[in-house]
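Novice: Please see the structure below; I have some questions.
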Protein chains: 2
Amino acid sequence: MINIFERTSLIRSGSITTEELNDAYGKGACECPSPNEQMLLVFSQERPFDLVELEQLLISVGWSQRPMRKVRSALDHSLLKVGLWKHDQRFPRLIGFARCTGDGVLEATVWDVAVNPIYQGLGLGKQLMDYVNKSLKDIGITRITLFADPGVVAFYLSQGWVLEPKGHRCAFWYAN
Amino acid sequence: MINIFERTSLIRSGSITTEELNDAYGKGACECPSPNEQMLLVFSQERPFDLVELEQLLISVGWSQRPMRKVRSALDHSLLKVGLWKHDQRFPRLIGFARCTGDGVLEATVWDVAVNPIYQGLGLGKQLMDYVNKSLKDIGITRITLFADPGVVAFYLSQGWVLEPKGHRCAFWYAN
């Protein structure tokens, strides 16, 4: 897997300082390689989400709406939540998202991966997943799992994900 | 799914009191229907695990060994951990185990389901999963996921689990 972060300068020359980045997006925020020199994109694990904006993003990629109260609690109890922001000094816009649950050591599962359709096809989904994988690897997790819709299986395979190794199957149980 | 708890008395008459059960196994501990009148089995979410005993149980069902430090941390950060204990006044024995990760609201994933081979074939695996599902349902989770080895897919299907609904696929990523 190509590490996109090694070939990218953290701060686009002149457009924003590290301090400004951290002020706006929290500690550890970093630049996401952008397909457009005029568009600064930022990964953040700390900038709080506007739940309405997050919900709109998730709905735009086809997730079904969920009670805001539950979403808030789910975020609070997620192992990792990543926002991909289109920088604006006054109104940064959330254009990508992913979160993980897990025990922080042995298991991590990725949920709710989304890139706003307007910004799809630019490689941002791959960069988002690279960032998620790298962040989980940094905290020592060596196996990550996810459930992929049929339409995005090829996307994950192209990034080095493995389908059902050793014949493992995934199963769901609905409490009804 | 039959609710096995409705047709079972919580306390086997005379063998142990609720207070003794809670003292030994923590708040909320409850009896697991036993195939043998002489054997009192208990589900507990609070009784601490001896990590060596837990590791031996997991290895006995074929999981590979993991660093004790990581297992401890993984347990600490699990949403739910269930021990199935064979009661003994001095030395309760861990004969079954399951744990879940998740956000406590929208997603829960079951890991490390194990019943000691000596006690397999008695319906305890089903009772353990019923207990896990019921516990998660009680905290409001409506969808549970797991990754099943090929050999136990039929076991989960027989309990009402659904394989890959809507064509969802599971994928794994290894950080190496």
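Novice: How about the range B:56-93: which trypsin sites (Lys or Arg not before Pro) there are in a DSSP loop, with at most 14 other Cβ atoms within 10 Å of their Cβ? Don't skip to the answer; put the middle values down first.
Specialist: On the way: sites: B:ARG69, B:LYS70, B:ARG72, B:LYS81, B:LYS86, B:ARG90, B:ARG93; in loops: B:ARG90.
Filter output for the range B:56-93: B:ARG90.
Novice: Which residue fluctuates the most in chain B, going by a Gaussian network model with Cα springs under 10 Å, if the choices are B:SER60, B:SER78, B:SER15?
Specialist: Residue with maximal mean-square fluctuation among B:SER60, B:SER78, B:SER15: B:SER15.
Novice: Another one. Provide an ascending nm list, one decimal, of label-point separations from B:THR18 to the equivalent residue in each further copy; define each label point as 7 Å from Cα along Cα→Cβ.
Specialist: 6.0
Novice: Would you mind computing Rg(Cα) / (2.2 N^0.38 Å) for the protein assembly as shown, counting N as its residues?
Specialist: Details: Rg = 22.7 Å, N = 352, 2.2 N^0.38 = 20.4 Å.
For the protein assembly as shown, the normalised Cα radius of gyration comes out at 1.11.
Novice: Shielding of B:105-118 by partners, i.e. mean partner chain Cβ atoms within 10 Å per residue? Write out the running numbers ahead of the final one.
Specialist: Details: counts 12, 13, 10, 4, 10, 2, 6, 2, 0, 0, 0, 0, 0, 0.
Per residue, the average neighbour count from other chains is 4.
Novice: A further question on this structure: In percent, how large is the relative contact order of chain B, given Cα pairs closer than 8 Å and 6 or more residues apart?
Specialist: Details: 226 pairs, mean separation 28.1, N = 176.
Once divided by the residue count of chain B, the mean separation gives 16 percent.
Novice: A further question follows. Averaged across B:143-150, how many Cβ atoms of other chains sit within 10 Å of each residue's Cβ atom?
Specialist: Numbers: counts 5, 5, 8, 6, 10, 5, 4, 5.
Partner Cβ neighbours, averaged per residue: 6.
Novice: Would you mind counting up the charge near B:LEU128? Only other residues with Cβ under 14 Å from its Cβ, with Lys and Arg at +1 and Asp and Glu at -1. Could you put the intermediate results ahead of the total?
Specialist: Numbers: positive: B:LYS81, B:LYS86, B:ARG99, B:LYS126, B:LYS134; negative: B:GLU31, B:ASP112, B:ASP130.
Taking every other residue near B:LEU128 into account, the sum is +2.
Novice: Arrange the peptides A:119-129, A:134-144 so that the one whose residues have, on average, the most other Cβ atoms within 10 Å appears first.
Specialist: Values: A:119-129: 18.4, A:134-144: 16.5.
So the order, starting with the most tightly packed, is A:119-129, A:134-144.
Novice: Over 15 Å, how big is the tail of the calculated P(r) for the range A:39-81, in percent of all Cα pairs?
Specialist: Values: 450 of 903 pairs.
Summing the P(r) of the range A:39-81 above 15 Å gives 50 percent of all pairs.
Novice: Right, another one. Assuming R0 = 51 Å, can you tell me the calculated FRET efficiency for the pair A:LEU51 and B:ALA154, based on Cβ-Cβ distance, to the nearest 0.05? Spell out each step's value before the answer.
Specialist: Details: r = 41 Å, r/R0 = 0.81.
Computed FRET efficiency for A:LEU51 and B:ALA154 comes out at 0.80.
Novice: Choose one answer from B:GLU53, B:GLU37, B:GLU107: the residue with the largest mean-square fluctuation in a GNM of chain B with alpha-carbon springs under 10 Å.
Specialist: Maximum fluctuation in the GNM of chain B, among the listed residues, is at B:GLU37.
Novice: Still on this structure, please answer the following. Compute the label-point distances linking A:MET39 to its equivalents in the other copies; points lie 7 Å from Cα along Cα→Cβ; give nm, one decimal, shortest first.
Specialist: Reported distances to equivalent positions: 6.2 nm.
Novice: About the Cα centre of the range A:11-58, what is the dipole size in debye to 20, counting +1 per Lys and Arg Cβ and -1 per Asp and Glu Cβ, all else neutral?
Specialist: Working: 3 positive and 9 negative charges, 31 e Å.
Computed about the Cα centre, the dipole is about 140 debye.
Novice: Over all residues in B:155-162, what is the mean tally of Cβ atoms on other chains that come within 10 Å of each residue's Cβ?
Specialist: 3
Novice: How far, in nm, would the chain grow between A:ASN22 and A:ASN36 when pulled straight, counting 0.36 nm per residue and subtracting the alpha carbon separation?
Specialist: Details: separation 14, 0.36 × 14 = 5.04 nm, distance 2.18 nm.
My answer for the length gained is 2.9 nm.
Novice: Something else about it: Taking the simple approach of a point 7 Å from Cα along Cα-to-Cβ for both B:SER73 and A:TRP63, what is their distance in nm?
Specialist: 2.7 nm
Novice: Please compare each pair in A:LYS70/B:LYS126; A:LYS86/B:LYS137; A:LYS27/B:LYS81; A:LYS134/B:LYS27; A:LYS81/B:LYS134; A:LYS86/B:LYS81 to a cut-off of 31 Å on the Cα-Cα distance and tell me which ones are over it. Could you put the intermediate results ahead of the total?
Specialist: Numbers: A:LYS70/B:LYS126 29 Å; A:LYS86/B:LYS137 38 Å; A:LYS27/B:LYS81 33 Å; A:LYS134/B:LYS27 39 Å; A:LYS81/B:LYS134 28 Å; A:LYS86/B:LYS81 40 Å.
Too far apart for the 31 Å limit: A:LYS86/B:LYS137; A:LYS27/B:LYS81; A:LYS134/B:LYS27; A:LYS86/B:LYS81.
Novice: Put a label point 7 Å from Cα along the Cβ direction on A:GLY160, then list its distances to the equivalent points in the other copies in nm, shortest first.
Specialist: Those separations, rounded to one decimal, come out as 4.1 nm.
Novice: Specify whether the C-alpha gyration tensor of the range A:18-159 places it in the rounded, prolate or oblate class, a ≥ b ≥ c being the square roots of the eigenvalues: rounded for a/c under 1.5, otherwise prolate if a/b is larger than b/c and oblate if not.
Specialist: Because its axes are fairly even, with a/c under 1.5, the range A:18-159 counts as rounded.
Novice: Taking neighbour Cβ counts within 10 Å as the exposure measure, how do B:THR101, A:THR17 sort from fewest upward?
Specialist: On the way: B:THR101 25, A:THR17 10.
The fewest-first ordering by Cβ neighbours comes to A:THR17, B:THR101.
Novice: Okay, moving on. Counting only Cβ atoms, what residue of chain B lies nearest to the axis that sends chain B onto chain A, and how many whole Å off?
Specialist: Residue nearest the B-to-A axis, with distance in whole Å: B:CYS170, 2.
Novice: How large is ³J(HN,Hα) for each residue in the range B:67-80, as worked out from phi by the Karplus curve 6.51 cos²θ - 1.76 cosθ + 1.60 (θ = phi - 60°), to whole Hz, x for Gly and Pro?
Specialist: x, 4, 4, 5, 4, 4, 5, 4, 5, 4, 9, 8, 5, 8
Laboratory data are not the source of any read-out in this text; all were calculated from the coordinates shown. Model, not experiment: these values are computed from the prediction. Positions of Cβ are backbone-derived with ideal geometry, glycine not excepted, and every protein chain shown enters the neighbour counts.
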